[in-house]
Amino acid sequence: MSHARSIAKNAGLLFASEMVNKGISFLLLILIARRLGELGYGQYAYAFAFISLFIVLSSFGLDTFLLKEMARKKEQTLKLLGNALGLKLCATLASYGIASIIALAIPEAKGILGLIALVMLHELFTAFNSVFSALFKAHEQNDLTVYSITVDKLLALGSAVAAFSISPSVGALLIGLIAGKALSFLFHLFLASKKVTEIFFLFEWKSWKLILKESVQYWMSRLFQIIYTQIDKVMLGAMAGFAVTGWYSAAATLIDGLFFLPVIVMYANFPVMSRLFSERSHEDLKRVYRKSLYVLLVLAIPLSVGLWMLSDRVIFFVYHGQFAESAAVLRLLSLLLAPLFINYLIGFLLNAIDRQGLFALSGGMAAIMNVLLNIFLIPLLAAKGAALATIITQVVNFAFISWLAARNGYPTAFHRLAWKPLLSASVMGVVLWYLPVMPIVGMAAIGGLVYIAMLLMLNGIPQEETDLVLELLRIKRA
C-alpha cells in the first residue's frame with residue numbers, strides 16, 4: 001500500500017470514528033453545561049484545568065514517545081509499553097502529592113478541594129487509556145482505536161446521565177464520570193492484551209532512565225502546551241471568579257471540540273512521517289507535510305469565518321439561552337483555528353524529524369507569553385482578555401514555529417496554499433451575512449455548500465485526494 005493510501009485509509013477510519021464520538025461528546029457538553037450552569041461549570045472547568053497543570057508533569061511525553069518508537073520498533077512493544085505504564089503510575093501519584101500541597105495554599109482551589117481530588121482519580125484512568133491509544137495507533141490498529149474511543153465516550157455520556165438523575169451537582173457528576181472512565185480502562189486493557197500484546201506494569205529503573213532521556217523533550221513540549229492552553233482558566237478563576245471562568249470555558253470548549261480535526265490528520269500521518277524520515281525519504285515526507293497542511297487550512301479557514309459570523313447563534317443553540325456572555329469570547333477564539341491547527345502539524349513534523357527540542361522551545365516561549373499576557377489582560381477585559389491573550393500567543397508561535405520548520409528544510413509558501421480556501425470562505429461569509437433569519441443548522445448547511453462549491457470551482461480539491469476518498473468509500477469512478 002502506498003504512503004498516500006495508507007494515510008488516507010487511516011485518516012478515513014479515524015475521521016468516521018471521530019465524527020460519531022464528537023457527536024457523543026457534544027451531547028455530553030450540552031448536558032454538563034446546562035445542568036451545572038455558569039457557576040458549577042466554572043468550578044468543573046477550573047478543577048480540570050488545575051489538575052491538568054500537574055498531570056502533565058507526570059506525562060513525560062510518553063504518549064508521543066511511544067507512538068514514535070513503537071511505530072519504528074514494533075518488536076520492542078512489550079518492554080516499552082510495560083515500563084511506560086509503570087513510570088506513568090509512579091509519576092502521576094507523585095504529581096498528585098504536589099498538586100494537593102499547592103491546592104491547600106490557593107483559596108479558590110482549597111474551596112473545591114473535594115472536586116479536585118475526584119478529578120485526580122478520573123485523570124489517572126485517562127492517563128493509562130492514553131498509553132493504550134498510543135499502542136493502537138503505533139501499530140496502525142485503528143479499528144481498535146475506534147472501538148476504544150467510542151466505548152469511552154458512550155460510558156462517559158451514560159455515567160453523566162446516571163449521575164445527574166441522582167443529583168445535579170459537580171460532585172455527583174465527577175463520581176459518575178470516574179465510574180465510566182474505570183470501565184473504559186478495563187475495556188482498553190482487554191483490547192490491548194487480546195489484540196496487540198501482553199500487558200504488564202514494569203518497574204525497571206534502567207529502562208526508565210533510557211525512556212526519560214529520549215522522551216523529556218516531548219514532555220517539555222506537552223508541558224508548555226498545557227500551560228498556555230489551561231492556565232487561562234486557572235487565572236480567570238483566581239482573578240475574575242468561577243462564573244467568568246464558566247463563560248470563557250463554554251466558548252473555549254467549542255473550539256477544543258474542533259481540535260479533533262488536526263488530531264485525526266496527525267495520528268494518521270505521524271507514524272508514516274516518522275517512518276519516512278527514518279528511511280531518509282525526505283521528498284516523500286515533504287509532500288506528506290504539504291498535503292497535510294493544505295487539508296488543515298481547507299478545514300480551519302471556513303470554520304473560523306462561520307464561527308465569527310454565527311457566534312451568538314451557536315452559543316444560544318448549544319447552551320439553550322445560557323452563557324450569553326460567551327458569544328463575544330467565541331467570536332474572538334474563532335480566529336485561533338488556523339494558527340492552532342498549523343502549529344499542531346508543524347510540532348508533529350519537528351517531532352518526526354527528531355527536532356523535538358525546537359518544538360519544546362517554541363512551546364516554552366508561548367507558555368511564558370501567555371501567562372504574561374493573561375496577567376495584563378484579564379484584569380482589563382476578563383474573559384475577553386484571556387481570549388485575546390491566547391490569540392496573540394498562537395499567532396506569534398505560528399510565526400516562530402514556521403520559521404523553525406523552514407530552517408530545518410521544510411519551508412512552506414503559506415499564501416500559495418491558503419488563497420483558495422480564503423477566497424472560498426470569504427464568499428461563504430458574504431452569503432451568510434445576507435441570508436434571512438433561519439435556524440442555525442440551515443445557515444451552516446448553506447454556508448458549507450457555498451464553500452465547497454467555490455472550492456471546487458477554484459480546483460481547490462486536488463484530483464488525487466478526490467480519488468483516494470472515493471476509493472475509501474468504494475465508489476468506482478466512471
### Which labelled figure in (1) 1.10; (2) 0.99; (3) 0.94 is Rg/Rh (Cα atoms, Kirkwood Rh), once derived from the coordinates
(3)
#### Entry: DSSP H segments from the chain that extend 24 Å or more along their own axis, Cα-based, with Kyte-Doolittle mean of 0.5 or above
3-59, 77-105, 113-138, 142-166, 170-195, 260-278, 282-319, 356-381, 383-407, 414-434, 440-457
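Determine the dipole magnitude for the range 3-412: charges of +1 sit on the beta-carbon of Lys and Arg, -1 on that of Asp and Glu, nothing else is charged, the reference point is the Cα centre, and the result goes in debye to the nearest 20. Let's see the in-between values first.
Numbers: 33 positive and 21 negative charges, 153 e Å.
I would put it at about 740 debye.
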### Most to least packed among 296-304, 167-175 [average Cβ atoms within 10 Å]
296-304, 167-175
### Query
Of A47, P439, L186, whose Cα points farthest to the positive end of the dipole of the chain (charges on the beta-carbon: +1 Lys, Arg; -1 Asp, Glu; origin at the Cα centre)?
L186
### Summary
With the charge dipole of the range 244-384 built from beta-carbon charges (+1 for Lys and Arg, -1 for Asp and Glu) about the Cα centre, the Cα from M365, F376, L345 projecting farthest to the positive end belongs to L345
### Those lysines that a straight Cα-Cα span of less than 17 Å connects to K420, excepting residues fewer than 8 apart in one chain
K291
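Extension gain I446-R407, at 0.36 nm per residue separation less the Cα-Cα distance, in nm?
Numbers: separation 39, 0.36 × 39 = 14.04 nm, distance 4.17 nm.
Additional length available on full extension: 9.9 nm.
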### Query
Of Y410, I166, L236, which is farthest along the charge dipole of the chain in the positive direction, counting Lys and Arg as +1 and Asp and Glu as -1 at C-beta?
Y410
## Note on the structure
Once the in-chain neighbours fewer than 8 apart are removed, the lysines whose Cα is under 30 Å from K233 read K22, K88, K110, K153, K181, K384
### Summary
Rounded to the nearest 500, the 222 nm mean residue ellipticity computed for the chain from DSSP H runs (n ≥ 4, each -39500 (n - 2.57)) alone is -30000 deg cm²/dmol
### Query
How high is the FRET efficiency from F259 to K206, r the C-beta distance, R0 30 Å, rounded to 0.05?
0.25
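Would you mind finding the longest exposed-site-free stretch of the chain, with exposed GluC sites (Glu not before Pro) meaning DSSP loop and at most 12 other Cβ atoms within 10 Å? All intermediate terms of the calculation are to be shown ahead of the outcome.
Numbers: sites that count: E198, E279.
Between exposed loop sites, the widest span is 280-478.
Ordered by packing density, taken as the mean number of other Cβ atoms within 10 Å over each peptide's residues, highest first, how do 154-164, 249-259, 444-454 rank? Could you put the intermediate results ahead of the total?
On the way: 154-164: 18.9, 249-259: 21.6, 444-454: 16.8.
The most tightly packed comes first, giving 249-259, 154-164, 444-454.
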#### Entry: Value of relative contact order over the chain, rounded to a whole percent, pairs C-alpha under 8 Å and six or more apart
20 percent
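Coordinate-derived values only; no laboratory data. Owing to the predicted nature of the structure, the values given are computational and were not obtained by experimental measurement. Positions of Cβ are generated from backbone atoms using ideal geometry, with glycine treated the same way; all protein chains shown enter the neighbour counts.
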